[in-house]
Every structure is written in C-alpha cells, then in structure tokens.
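*Asks:* Below is a structure I'd like to ask you about.
The values are calculated or read from the model by the stated rules, or taken from the named source; none is laboratory data. Nothing here was measured: the structure is a model prediction, and the numbers come from that model. Positions of Cβ are backbone-derived with ideal geometry, glycine not excepted, and every protein chain shown enters the neighbour counts. Ligands, DNA and RNA are stripped out before the accessible areas are found, and what is left, the full protein with its side chains, is counted by its heavy atoms. Shrake-Rupley method; radii C 1.70, N 1.55, O 1.52, S 1.80 Å.
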Amino acid sequence: MVAADRISNLHEEIIHYIMSFLSFSEAIRMSVLSKRLNSVWRTFPLPVIEFDQELFEEKSKRPLDEMLYSASERNIQKMSRFSGYTEDFLRRRGPDIFLRKFKLRTHCVFDVDRCVDYALENSVQELDIRSDKEENFSSLGRIVSINPEVFAAKSIRVLKLSGLELGIQKLILTDSLIEELSINHCDSLKTVMVFSDKLLFFELRCGPRLLDIEIDTPNLQSLTFDGGDEPTEDFREINLGVLESLKSLSLRNAEIVIDLWIKENLSKLIGLENLSIEGCPYSSNVEISHPRLKNIEFLNCTEEVDLELVTPNLVSLWYSGILPSSIRLTSTSTQCEARISLTSISPTIECFVALKWVLARFRDCKLVNLEFKEQVVFPEELKERWLVPMVALKHLRVEFQKYSWSHVEVVAMLLQLSVCPATLSIVQRSNSQDPAEMTFKFNYSKKVVEEEDKAPSAKC
C-alpha cells in the first residue's frame with residue numbers, strides 16, 4: 001500500500017507555515033518530495049539566503065573519494081557539486097519579494113555573477129560575497145570577477161565584498177544609496193574615492209597596491225582602514241574631507257607619516273570620539289589635540305615616540321609597543337583609565353628612569369593597567385633613590401607574562417609605582433593556562449604619635 005501524501009494537498013499558506021518551522025536545508029529537502037511541494041517552495045518567502053561552501057562540504061563528505069581520486073580531482077568535484085547546488089537552488093526559486101539578505105562564502109571559482117544577478121533582481125538590501133583563500137584550491141584560481149555595477153544598485157543598503165577581483169583599479173563611489181560598505185582584500189584596487197551622503201559605515205582592508213584614498217562623506221560615522229601586512233612602495237595618500245559626523249576612526253598599517261597626517265586632518269573631524277592608530281612606524285612627535293575624544297589607542301609602536309595628548313574628555317587610553325620616550329597628558333579627566341602594554345623593558349637604570357617619567361603622567365588617572373610582556377628586573381642600585389611616579393593613583397593593575405618572585409616581593413615592587421593604592425591587582429599570564437589574578441585591597445588610617453608628625457599606616 002502506498003501512503004497518501006496529505007501535505008501536498010494542503011493550501012499553499014499552510015505549507016508555507018509548516019516550512020517556517022524547518023531549517024533552511026530541511027525546507028530544501030522537503031521541496032523535492034513532490035511537484036506540488038516544489039511549486040510551493042518557489043513562493044516560500046525567504047528573507048535570508050546563505051550559501052557557505054565550507055558548511056556544504058562538511059555535510060556532503062564522501063570518504064571513498066580520498067582513495068579513488070587525487071587532491072586536484074577531489075577539489076574539482078567539490079567545486080562542481082557546490083556550483084551545481086547553488087545553481088539548482090536559484091533555478092528552482094521564484095521571485096523573492098521578501099529577500100533582505102544574500103550571503104555567499106566560497107573558496108573556488110564559479111559563476112558569482114549568477115548569484116549577484118539573482119540578488120539584485122530580487123531587490124536585495126544586504127549583499128555579502130566572500131571568497132576565502134584556500135591553499136587546496138590554489139590550482140583552480142580565485143573568483144575572477146564581480147560586476148562593479150553592484151556599487152550602483154538602488155536596492156542595496158549594506159554591501160560587503162571580501163577576497164574578490166573587482167576587475168577595476170579605480171573605484172569612484174558617488175550618489176550611492178549604500179549605508180554600510182566593507183571592501184576587504186580586493187587587491188586590484190589602486191585608487192578609492194568615496195563621495196556619498198548616504199554612507200554611514202566604511203571599512204577598507206587592502207593590499208600594497210592601494211595608494212590613493214579620498215573620502216568626503218558628510219554623514220559618515222565610522223571609518224576603518226587596514227593596509228595589511230605587506231609594505232607599500234611609497235607612502236599612501238589618505239585625504240579626508242570635513243567629516244562632521246565621524247565618531248570612530250581606525251588606522252592600521254596605513255603607511256603614512258602619522259604626525260603630519262594628524263595635523264592636517266584631525267581638526268576636520270570635529271565629532272570624533274574614538275581614535276585607534278596601529279602599526280604606524282613613521283612617527284616621532286605626535287600631538288593629538290581634540291576636545292571630544294574619549295578613547296585613544298596607539299598600538300604596536302616599534303619606534304620611540306613622543307606622544308602629547310590634549311584631550312579634556314579622555315576616558316580611556318591604550319598604548320602598546322616599546323617604551324615611549326615620553327607621554328604627556330594635558331587637561332585629562334581624572335576618570336581616565338590607562339592601559340600601558342610594553343613589549344620589553346631593559347633592566348637598566350636609564351630604562352627605569354624613563355619608565356618612571358612616563359608613568360608619572362598617569363598619576364591622576366582613575367585606573368592604570370600596566371602590562372609587561374617579558375620578565376621585569378628592578379635594578380637594585382636604583383631602589384635607594386627611586387621616587388614613586390604615581391603617588392595619587394588609587395587603582396593599579398599589573399600583568400606579567402611570567403615572574404619568579406614571591407607575592408610579597410611582587411607587592412613590594414609594585415608599591416614602588418604607587419605608594420598608597422586602594423586596590424592592587426596582580427595578573428600572571430601563561431600560554432598553557434588561564435591567567436591567575438590576585439587583588440589586594442588597602443585601608444589607610446592616620447595614627448598620632450607623641451612628638452612626631454602624623455604618619456599614615458596601611459592595612460591589607
């Protein structure tokens with residue numbers, strides 16, 4: 001006896017309701033059970049369509065293939081199966097009037113434009129195309145191109161492109177309706193010029209070929225630039241217009257002379273609150289003066305830098321790298337929290353004197369988090385003439401990669417940095433274990449001694 005198919009005879013709205021309780025892959029499997037279900041599947045509203053080649057291969061593994069075929073043959077088969085799967089899916093779908101997001105993640109060559117055309121035909125609002133560089137597929141090449149006309153699509157509000165060959169060297173974005181744009185490792189680009197009133201968030205990560213960047217977007221709120229790890233042949237030109245709405249700016253490996261760039265551009269960013277600069281070796285005397293800056297990061301400094309901050313509303317400061325020649329804080333809030341991460345510190349008197357003068361600038365901060373990547377050895381000959389740099393500091397947190405002292409010795413050494421803290425936290429990090437943290441709380445009282453001055457005493 002053949003079982004009756006009662007589901008296929010239900011009204012379309014009811015079948016849609018049933019499909020809404022299924023996962024994406026389960027709904028696809030259900031659609032192939034009958035012609036009726038396949039027809040209903042074509043009209044089933046899908047707000048999100050997502051293809052992930054890595055997940056597809058994980059679910060469609062064929063153990064015997066490793067014994068029957070070579071690595072290159074297996075890769076060709078994987079590419080063919082994934083391409084066939086996406087093509088079959090799109091072919092069986094009708095118009096998706098509810099399509100909000102289309103996402104594709106792949107690491108092989110196939111017809112990307114077919115996916116993009118489908119998304120644009122259905123007025124997609126968010127388009128995310130990512131090509132992962134996979135060594136196993138290097139012989140097959142990378143995704144060759146994506147139609148650059150995608151930047152002019154009227155429906156797209158969020159566009160994310162990663163690892164693609166755009167087929168153009170110069171990108172000029174004007175009169176675009178895109179509100180969030182992310183371009184990562186699309187290495188054909190040499191010039192990027194963005195003039196758009198709609199753009200709010202812009203992320204640009206590139207290779208060494210991109211040298212000219214111009215951005216004049218009055219409503220932009222967040223800008224992230226990452227120049228990658230390969231050095232450029234020349235300095236980059238990063239020119240900004242008057243970006244009054246910009247709140248967050250991040251520059252990593254920008255290959256610019258950062259002190260000159262700040263002088264030329266920072267005054268045009270009147271609403272800036274968050275500034276992150278990482279890996280900019282061409283800097284010696286950096287002055288950052290801004291009335292609204294709240295958070296500053298100056299990271300991975302490999303050369304000595306003289307850093308001066310005139311930031312009355314500063315809430316947090318994070319510096320990492322070698323010991324700076326000096327850090328000067330002017331008109332900084334007493335609520336500021338500072339994090340100082342030092343890659344190395346020499347056990348010499350000169351080095352610790354320089355450290356003392358740097359730390360003295362943070363004596364009025366709310367909290368100082370001091371990180372040492374290597375073991376610290378305090379010079380014995382300096383102890384007799386050492387002046388405590390952060391006398392008024394209330395909260396000190398120190399992280400060590402490793403140390404061989406007792407807890408009493410560590411506390412005694414750290415009290416050379418802040419003599420009367422309210423809390424003192426010690427963190428020891430290990431590559432194989434979770435960090436161990438201890439916190440000491442101090443209470444102070446004044447005791448009167450006859451014929452002597454009042455002296456503070458502490459209880460821990």
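*Asks:* Would you tally the residues in region 322-374 being in contact with a strand residue (DSSP E or B) (Cβ under 7 Å, 6 or more places away or on another chain), under 19 Å from residue 427 (Cα atoms) and of a type outside the set (Lys, Arg)?
*Replies:* Residues that pass the stated criteria total 13.
*Asks:* Sticking with this structure for a sec: Looking only at region 388-412, filter to residues that are at pLDDT below 80 and either within 17 Å of residue 355 (Cα to Cα) or among the small types (Gly, Ala, Ser) (or both); which one of those is least open to solvent (accessible area, probe 1.4 Å)?
*Replies:* Applying the filter and picking the extreme gives 406.
*Asks:* Counting only residues that are open to solvent by less than 20 Å² (accessible area, probe 1.4 Å), touching a residue at least 24 places away in the same chain (Cβ under 8 Å) and either farther than 16 Å from residue 166 by Cβ or not in a loop (DSSP other than H, G, I, E, B) (or both), how many does region 185-225 have?
*Replies:* 7
*Asks:* Working only within region 230-253, note down all residues that are assigned to a loop (DSSP other than H, G, I, E, B), over 18 Å from residue 219 (Cβ atoms) and open to solvent by less than 90 Å² (accessible area, probe 1.4 Å).
*Replies:* Within region 230-253, 232, 236, 253 qualify.
*Asks:* Hey, can you tell me all the residues within region 15-48 that are assigned to a helix (DSSP H, G or I), open to solvent by 20 Å² or more (accessible area, probe 1.4 Å) and either over 21 Å from residue 103 (Cα atoms) or of a type in the set (Ser, Thr, Tyr) (or both)?
*Replies:* Listed by number, the residues that qualify are 16, 17, 18, 25, 30, 35, 36, 38, 39.
*Asks:* Taking the condition loosely packed, with under 14 Cβ neighbours inside 10 Å and either part of a helix (DSSP H, G or I) or at pLDDT 70 or above (or both), does residue 55 pass?
*Replies:* Taking the combined requirement at face value, the residue satisfies it.
*Asks:* Take the residues of region 58-71 that are among the charged types (D, E, K, R) and within 19 Å of residue 26 (Cα to Cα): which is modelled with the highest pLDDT?
*Replies:* 58
*Asks:* Within the bounds of region 369-381, is there any residue that is within 25 Å of residue 415 (Cβ to Cβ), buried (at least 20 other Cβ atoms within 10 Å of the Cβ) and within 24 Å of the chain's Cα centre (by Cα)?
*Replies:* yes
*Asks:* Another question, if that's okay. Can you tell me which residue in region 72-100 is modelled with the lowest pLDDT, limited to those that are among the charged types (D, E, K, R) and closer than 19 Å to residue 42 by Cβ?
*Replies:* Across region 72-100, the extreme among qualifying residues is 96.
*Asks:* Also: Given (1) surrounded by fewer than 19 Cβ atoms within 10 Å (Cβ to Cβ); (2) within 25 Å of residue 226 (Cβ to Cβ), where does residue 305 come up short, assuming only one miss?
*Replies:* (1)
*Asks:* Right, next: Look at residue 439 and say whether it is closer than 27 Å to residue 329 by Cα, out of contact with any helix residue (DSSP H, G or I) (no Cβ under 9 Å at 6 or more places or on another chain) and of a type in the set (S, T, N, Q).
*Replies:* no
*Asks:* Name the single residue, out of those in region 344-368 being assigned to a helix (DSSP H, G or I) and open to solvent by 20 Å² or more (accessible area, probe 1.4 Å), that is farthest from residue 327 (Cα to Cα).
*Replies:* 349
*Asks:* Give just the number: which of (1) surrounded by fewer than 15 Cβ atoms within 10 Å (Cβ to Cβ); (2) without any contact (Cβ under 8 Å) to a residue 24 or more places away in the chain does residue 310 not satisfy?
*Replies:* Among (1) surrounded by fewer than 15 Cβ atoms within 10 Å (Cβ to Cβ); (2) without any contact (Cβ under 8 Å) to a residue 24 or more places away in the chain, the lone unmet condition for residue 310 is (1).
*Asks:* Out of curiosity, is residue 40 modelled with pLDDT of 75 or more and either within 22 Å of residue 131 (Cβ to Cβ) or in contact with a Pro (Cβ under 7 Å, 6 or more places away or on another chain) (or both)?
*Replies:* no
*Asks:* Moving to a separate point now. Need the failing condition index for residue 241 against (1) within 23 Å of the chain's Cα centre (by Cα); (2) more than 23 Å from residue 308 (Cβ to Cβ); (3) small (Gly, Ala, Ser), just the number.
*Replies:* Every listed condition holds for residue 241 apart from (1).
*Asks:* Anything in region 154-170 that is touching a strand residue (DSSP E or B) at 6+ places or on another chain (Cβ under 6 Å), open to solvent by 10 Å² or more (accessible area, probe 1.4 Å) and either closer than 21 Å to residue 209 by Cα or part of a loop (DSSP other than H, G, I, E, B) (or both)? List them, or say none.
*Replies:* Matches in region 154-170: 160, 162, 170.
*Asks:* Would you pick out the residues in region 143-153 that are assigned to a loop (DSSP other than H, G, I, E, B) and surrounded by fewer than 16 Cβ atoms within 10 Å (Cβ to Cβ)?
*Replies:* Those that are assigned to a loop (DSSP other than H, G, I, E, B) and surrounded by fewer than 16 Cβ atoms within 10 Å (Cβ to Cβ): 144, 145, 147.
*Asks:* When the residues of region 264-280 are filtered to those that are among the aliphatic types (A, V, I, L, M) and outside any loop (DSSP other than H, G, I, E, B), which remaining residue is nearest to residue 228 (Cα to Cα)?
*Replies:* 277
*Asks:* On to the next question. Among all residue pairs at least 6 apart or on different chains, which show Cβ distances below 9 Å where the first residue, located in region 95-109, is farther than 13 Å from residue 48 by Cβ and in a strand (DSSP E or B) and the second is aliphatic (A, V, I, L, M) and at pLDDT below 85?
*Replies:* Correct list of pairs: 105/55; 106/79; 106/112; 106/143.
*Asks:* Which residues, taken from region 382-403, are more than 11 Å from residue 418 (Cβ to Cβ), within 35 Å of the chain's Cα centre (by Cα) and part of a loop (DSSP other than H, G, I, E, B)?
*Replies:* If the condition is that a residue be more than 11 Å from residue 418 (Cβ to Cβ), within 35 Å of the chain's Cα centre (by Cα) and part of a loop (DSSP other than H, G, I, E, B), then 401, 402, 403 are the ones that fit.
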